[in-house]
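Scroll down for the structure; my scribbles are underneath it.
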Number of protein chains: 2
Amino acid sequence: MSANSPFSGVSRRALLPALAAFPILSLLLPTRATARRTASDPLSSWNNTASKKAILDFVDSVTAHGSPDFVPEDERIATFDNDGTLWAEQPMYFQLLFALDRVKVLAPLHPEWKDKEPFASLLRGDVKDVLAGGEPAVAEIVIATHSGMTNEEFSQIVCDWIAKAKHPITGRLYTEMVYRPMLELVAYLRAKGFKTYIVSGGGIEFMRPWTEQVYGIPPENVVGSSAKVKFELRDGKPALMRLPEINFINDGPGKPVGINEHIGRRPIAAFGNSDGDLQMLQWTMGGDGLRFALIVHHTDAEREWAYDRDSSIGRLDKALDQAQAKGWTVVDMKSDWKTIFPFGSKSEGREAR
Amino acid sequence: MSANSPFSGVSRRALLPALAAFPILSLLLPTRATARRTASDPLSSWNNTASKKAILDFVDSVTAHGSPDFVPEDERIATFDNDGTLWAEQPMYFQLLFALDRVKVLAPLHPEWKDKEPFASLLRGDVKDVLAGGEPAVAEIVIATHSGMTNEEFSQIVCDWIAKAKHPITGRLYTEMVYRPMLELVAYLRAKGFKTYIVSGGGIEFMRPWTEQVYGIPPENVVGSSAKVKFELRDGKPALMRLPEINFINDGPGKPVGINEHIGRRPIAAFGNSDGDLQMLQWTMGGDGLRFALIVHHTDAEREWAYDRDSSIGRLDKALDQAQAKGWTVVDMKSDWKTIFPFGSKSEGREAR
């Protein structure tokens with residue numbers, strides 16, 4: 001364990017070797033060759049379409065001194081969904097892929113799983129059968145793999161996994177499956193005095209070990225779903241034990257609640273991609289003064305994935321209707337984004353390696 | 001409502017007139033006359049005793065470049081209890097005084113309270129009878145006065161109250177009942193790159209409206225107990241409704257849990273005054289590297305109040321034993337603090353006005 005900060009200490013040591021070999025960090029720290037381009041265009045991976053213009057206009061309006069829409073830095077709160085907004089979420093949420101991997105690792109300690117669903121199906125390789133069990137089956141797998149250890153131990157497990165595990169389709173690290181235009185946007189807002197937060201349905205402790213390296217968003221700016229946690233002394237040493245019980249689901253109507261609990265201020269800008277983000281966008285737009293809501297619409301089957309109203313993961317239906325009715329910014333990934341992933345597009349995943 | 005940030009907007013408007021007339025802010029923004037003294041001594045309200053030396057030594061050790069105990073700024077997390085640590089808590093928690101005042105205001109809307117305990121006793125003026133009902137009676141009063149409105153409406157109620165209500169013994173505003181040495185300490189740590197948080201058993205939304213003005217601690221750095229909150233659309237407008245149900249008690253073993261949930265890092269320094277802070281101090285000291293734990297011991301019956309092991313409010317018993325056994329810093333208010341309140345001492349309260 002590193003001194004003073006178990007989470008960031010652990011994650012730095014585990015992640016840096018993996019990240020150093022990869023251009024994510026170079027996005028945030030541009031080389032001299034790209035410096036001129038990014039200096040003049042902080043959103044260089046965005047095409048010059050209406051979406052980009054809407055972002056730049058909003059930021060100018062709330063940051064220019066003397067602007068009637070000026071907002072002091074303290075109140076420039078921007079919240080980002082994670083799955084499908086900052087990184088990909090297909091063929092299923094990456095945290096679920098993590099949980100499935102953990103079941104395989106833990107199986108030798110649980111001989112009873114061979115005869116117990118949903119574990120039995122999973123161990124036979126029938127992931128579709130597992131998912132057919134719906135939320136209860138998924139919840140059982142998540143609880144079995146996310147509890148029974150301290151938070152620090154869980155953080156280390158996440159670090160070890162995310163430093164090595166590969167995406168089943170692209171063969172890339174999960175931390176490479178991030179959207180380059182969104183990384184630019186997060187960094188741009190921060191440079192303009194915004195406080196950037198992740199507000200995700202995903203597990204808060206699943207994200208915290210790596211969000212600072214990948215997005216520049218520190219643990220205290222991560223809001224997510226959580227397990228119940230209990231303080232106890234283990235051999236006289238204080239520990240936070242993860243219990244097999246859900247504490248809070250930070251999704252849908254839970255997002256404004258989580259935002260209020262953690263931040264205590266209403267965002268002036270929010271970014272999502274699915275119906276699970278609808279209430280966060282409504283809450284953001286419901287305040288006074290100039291505000292900004294953006295939806296990432298997955299329209300590019302070749303470079304990423306194309307899905308919306310009928311998708312079981314990242315369904316975008318009601319929020320798309322509301323965005324259209326209210327004039328929120330809807331990013332068409334296919335036409336608005338010059339590049340998708342730092343390594344290019346989905347199809348280039350394996351080939352480029 | 002002000003633009004963009006309901007909480008800070010509301011609180012600023014309501015509080016600034018009250019605070020402007022008062023020297024709290026001038027503590028943080030010293031006049032030219034005091035600038036030289038505070039520049040050379042950031043803790044000028046502290047006597048030159050072992051407690052002050054322990055603070056200065058710790059801060060030097062973790063902030064001096066090249067020090068073996070150096071801690072990067074990101075990880076300099078300092079957590080402060082509020083009641084009895086940053087402001088007074090006698091003759092009872094100020095939030096309870098707020099709740100009692102609210103019962104009187106709301107009584108005309110609740111004719112049934114005349115015959116219903118604990119409200120009936122309270123409305124007859126028998127506060128002691130109310131408190132004799134213990135936690136259930138207090139919980140009933142807090143729930144009745146803290147729910148049934150939106151968070152923003154509650155925030156406004158708190159602002160209106162705290163801008164005018166007077167302490168029953170000193171006749172001072174509650175925001176004046178703060179400890180000048182602790183305000184200096186909070187400001188000093190922040191100047192040294194620490195992130196300062198309140199971690200209180202008090203209600204998170206009771207504190208957020210005024211902590212930024214009084215302590216320089218913004219809403220997102222306040223951790224506290226909370227009511228369940230529900231997102232809903234009221235006449236099409238999104239609102240967070242406060243439900244008559246407790247969500248989380250951020251006290252005792254709840255404090256490390258609340259710290260983890262909100263901050264996601266372990267503090268390197270923590271400050272409390274009662275057994276309700278014991279686990280926060282244990283959690284802080286349980287990490288690797290140099291750490292700091294401090295207990296404010298209420299020893300000055302003349303200038304403030306004197307209480308510890310037998311007090312029903314702010315009981316300091318197990319935590320005092322542990323502090324003595326482990327060598328944590330215990331502030332003796334009587335000998336360690338040159339001044340207590342910005343206006344002087346308890347007895348000077350009424351006379352000075």
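The values are calculated or read from the model by the stated rules, or taken from the named source; none is laboratory data. Predicted, not measured: the structure shown is a model, and the values here were computed from it. Virtual Cβ from ideal backbone geometry, glycine too; neighbours counted across all protein chains shown. Areas reflect the complete protein model, heavy atoms only, side chains present, ligands, DNA and RNA absent. Shrake-Rupley method; radii C 1.70, N 1.55, O 1.52, S 1.80 Å.
Quick look at the values:
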quantity: Segment B:94-118, subset more than 29 Å from the chain's Cα centre (by Cα) and part of a helix (DSSP H, G or I), residue nearest to B:V296 (Cα to Cα); calculated: B:W113
quantity: Among the candidates B:A78, B:A139, B:A54, B:A132, residue that is hydrophobic (A, V, I, L, M, F, W, C) and without any contact (Cβ under 8 Å) to a residue 60 or more places away in the chain; calculated: B:A132
quantity: All strands (runs of 3 or more DSSP E) inside segment A:210-327 with 2 or more residues being more than 18 Å from A:L185 (Cβ to Cβ) and without any contact (Cβ under 8 Å) to a residue 12 or more places away in the chain; calculated: A:222-234, A:237-248
quantity: Leading residue by the ranking (nearest to A:S51 (Cα to Cα)) among those in segment A:272-329 that are within 14 Å of another protein chain (Cβ to nearest Cβ) and among the small types (G, A, S); calculated: A:A293
quantity: Set B:P256, B:P218: member being within 10 Å of chain A (Cβ to nearest Cβ) and in contact with a strand residue (DSSP E or B) (Cβ under 8 Å, 6 or more places away or on another chain); calculated: B:P256
quantity: Filter result for the condition that a residue is buried (at least 17 other Cβ atoms within 10 Å of the Cβ) and touching a strand residue (DSSP E or B) at 6+ places or on another chain (Cβ under 6 Å), over B:L131, B:L183, B:L189; calculated: B:L189
quantity: Residue that is most open to solvent (accessible area, probe 1.4 Å) [pool: residues in segment A:192-201 that are over 21 Å from A:F248 (Cα atoms) and touching a strand residue (DSSP E or B) at 6+ places or on another chain (Cβ under 9 Å)]; calculated: A:K195
quantity: Residue count for segment A:139-152, restricted to those that are open to solvent by 40 Å² or more (accessible area, probe 1.4 Å) and among the aliphatic types (A, V, I, L, M); calculated: 2
quantity: Only one of A:P6, A:P17, A:P30 that is touching a helix residue (DSSP H, G or I) at 6+ places or on another chain (Cβ under 9 Å), more than 27 Å from A:W305 (Cα to Cα), at pLDDT below 95 and away from every other protein chain (no Cβ under 14 Å); calculated: A:P30
quantity: Residue count, segment B:60-80 (criterion: away from every other protein chain (no Cβ under 14 Å) and open to solvent by less than 10 Å² (accessible area, probe 1.4 Å)); calculated: 1
quantity: Test set (1) surrounded by fewer than 17 Cβ atoms within 10 Å (Cβ to Cβ); (2) part of a helix (DSSP H, G or I) - A:P91 fails condition number; calculated: (2)
quantity: Pair list, Cβ under 9 Å, 6 or more apart: segment A:89-112 residue in contact (Cβ under 8 Å) with a residue 60 or more places away in the chain, other residue hydroxyl-bearing (S, T, Y) and open to solvent by 40 Å² or more (accessible area, probe 1.4 Å); calculated: A:M92/A:S312
quantity: Any hit, segment A:147-159, residues being farther than 30 Å from A:K237 by Cβ and among the charged types (D, E, K, R); calculated: no
quantity: Segment A:221-230 - residue that is open to solvent by less than 20 Å² (accessible area, probe 1.4 Å) and at the interface with chain B (Cβ under 8 Å from one of its Cβ atoms) and, of those, nearest to the chain's Cα centre (by Cα); calculated: A:V222
quantity: Subset of segment A:50-85 (residues that are more than 26 Å from B:Q213 (Cβ to Cβ), within 23 Å of the chain's Cα centre (by Cα) and outside any helix (DSSP H, G or I)); calculated: A:F80, A:D81, A:N82, A:D83, A:G84, A:T85
quantity: Hey, B:P244 open to solvent by less than 10 Å² (accessible area, probe 1.4 Å) and either touching a helix residue (DSSP H, G or I) at 6+ places or on another chain (Cβ under 9 Å) or among the charged types (D, E, K, R) (or both) or not; calculated: no
